[in-house]
Every structure is written in C-alpha cells, then in structure tokens.
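A short write-up of the structure that comes next.
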Amino acid sequence: MDFGDFSSLAESYGKYRQGYAESVLTALLSLLGTPPNRAEAIDVGAGTGLWTRMIASRGLARVTAVEPNDAMRAVGEDQTKSLQITWLKGSGELVPLNDACCDMVSMASSFHWVDFDKGTREFHRILRPGGRFVALWNPRLPATDPLLQDIQAFLKDLMPNMTRRSSGLSGISEQLTDMLESSDLFTDTVYLEGRHTIALTKQDYIGVWRSVNDVQVQLGAQKFAKFMRYIDEVIDNDRQVEQTYLTRAWSSQKI
C-alpha cells in the first residue's frame, strides 16, 4: 500500500500541522560549530515548510527547503514568501546541491520515508566537515490525553489491522542511534526531546486529523468520513483542545 502521496493533503498539512518544540531547535543549533548567523541549513522532505520556517526564524545565513511533492512544495513556497528560504525539488536520496554546501541537513517527520543507506550517504556528501545531520519527529502523546486515547480506540475498532507509518514513537526511531553510530559516516549522535502543549480550536484539531495521510489511505473514503464524524461528535463546538506533542530529535556529526 502506498502511503507516500501527500498531494491531496497539501492545503490541510500547511494550515493545520503544528510546530516542533522551540527548545529542541535551540539545542540543535547549539551543537553546530558555526554561529547560527553564519550557518547554512538544508531541510529535506520539507513538506510545506513547517520546520523550515522555524529554522529560518533563527536568522541563519541561508536556509534551503528540498521537497519532492509538487503540491506540498507549492504550498510551502506560498506560505514562506516573507522568509529567506530557497525551495528546490529533490528527495532524501537525491539532493540537487553541491558537495559540502551546508552546516546542517535535517529531515522533520520524513526520514522514515528515505532509504537509510542512500539518504545518509547523500547527507554526508552535502555536509561540510563537522556538519550535522538531524532527524526529528513530533508525535502527539496519547498517555497524557484521554480524548486522543478515545479517538485512537475508535480508530482501532474501525480498522484493527491498521499499520501506522509515522515513526515518532516507533519504527526507525527505536534504533536510530545505533544505526547512525554503526555507520562509517556519522558519529557523536545526540538524542534530544522536548514536550510542548498547544491549545487548538475544534476546527484546528479536526484539521490536524485531516492531514494524516496513512489513516486516510488505509481507511478509505467511507470509513474515514465515519472517523471524522466521530471526532466532530465527541468535541463540543466551543471547546479548546490542549494537545501535547513530544519533539524527538537525533543529531549526528559527519565523520
């Protein structure tokens, strides 16, 4: 099953997806050997530029967003017109930039789509000596949220054998430190995490679910509509939903 085409979700993704913990970004930038105002960063698999915008807001010398999906990239370009961000078409396995051209290359909520060996070799190529590769995710925390637990239980009832693709709390993130350290490309792998809580309107909360690709693909149109009706029914119209996210980041230095 192909979970990888985000074209139909670009507008919802750009409008409703929530940001990462600012404290984690601060820590990641502090690991660079170059001051932020002289550093150059490339965000690969940038989507609509959520993480890219956060990086650019820190005053880096140059920020480039690389995204393979045309619709996602178009939304990102439109939403970042006021920022100094260069947008390019490319992927984790093929970044259209010169060797040793950046101090940091990141993949935010997208590294699980990339072939690990091809991707890490490509990131090693474009990083300057001592530069750092960053992989991070921003999953919601069910353990702190009875509403999310209830919604996920309903989702399981709708499709008991559903396979979630996001790797924020599972998948590659379970072994990423060892994978990076065992390669001959990276060393000094640092793991960081930070919790942050965001108050969402009912509309925004529903919008976040509408941007979740793997749920829509696996449920199909009819079941997904039923799933969205359930969320609409269990949340009062005037309710604000407090959603806790856990930003998890791995930063590894080029050998």
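Some observations on this one:
- Enumeration of residues in region 213-243 that are without any contact (Cβ under 8 Å) to a residue 12 or more places away in the chain and surrounded by 15 or more Cβ atoms within 10 Å (Cβ to Cβ): 224
- Scanning region 93-132 for residues that are closer than 26 Å to residue 244 by Cα, surrounded by 23 or more Cβ atoms within 10 Å (Cβ to Cβ) and touching a helix residue (DSSP H, G or I) at 6+ places or on another chain (Cβ under 6 Å) returns a single hit, 108.
- Listed conditions (1) aliphatic (A, V, I, L, M); (2) in a helix (DSSP H, G or I); (3) under 19 Å from the mean Cα position of the chain (by Cα) are all met by residue 190, apart from (2).
- Single match in 246, 200, 155 (criterion: in contact (Cβ under 8 Å) with a residue 40 or more places away in the chain, buried (at least 16 other Cβ atoms within 10 Å of the Cβ), of a type in the set (A, V, I, L, M, F, W, C) and farther than 16 Å from residue 18 by Cβ): 155
- Residue that is farthest from residue 119 (Cα to Cα), among those in region 44-67 that are among the hydroxyl-bearing types (Ser, Thr, Tyr) and either out of contact with any Gly (no Cβ under 9 Å at 6 or more places or on another chain) or outside any helix (DSSP H, G or I) (or both): 57
- For region 24-43, filtered to residues that are assigned to a helix (DSSP H, G or I) and under 16 Å from the mean Cα position of the chain (by Cα), the residue that is farthest from residue 59 (Cα to Cα) is 24.
- Filter pass, residue 30 being closer than 24 Å to residue 130 by Cβ, surrounded by fewer than 16 Cβ atoms within 10 Å (Cβ to Cβ) and in contact (Cβ under 8 Å) with a residue 60 or more places away in the chain: no
- Considering the conditions (1) at pLDDT 95 or above; (2) surrounded by 20 or more Cβ atoms within 10 Å (Cβ to Cβ); (3) assigned to a helix (DSSP H, G or I), residue 72 is excluded by exactly one of them, (1).
- The lone criterion from (1) under 18 Å from the mean Cα position of the chain (by Cα); (2) surrounded by 15 or more Cβ atoms within 10 Å (Cβ to Cβ); (3) closer than 30 Å to residue 242 by Cβ; (4) not aliphatic (A, V, I, L, M) left unmet by residue 145 is number (1).
- So residue 91, is it assigned to a loop (DSSP other than H, G, I, E, B) and among the polar types (S, T, N, Q): yes
The values are calculated or read from the model by the stated rules, or taken from the named source; none is laboratory data. Predicted model, so just to flag it, every value in this text is computed and none were measured. Neighbour counts run over all protein chains shown; Cβ positions are idealised from the backbone, glycine included.
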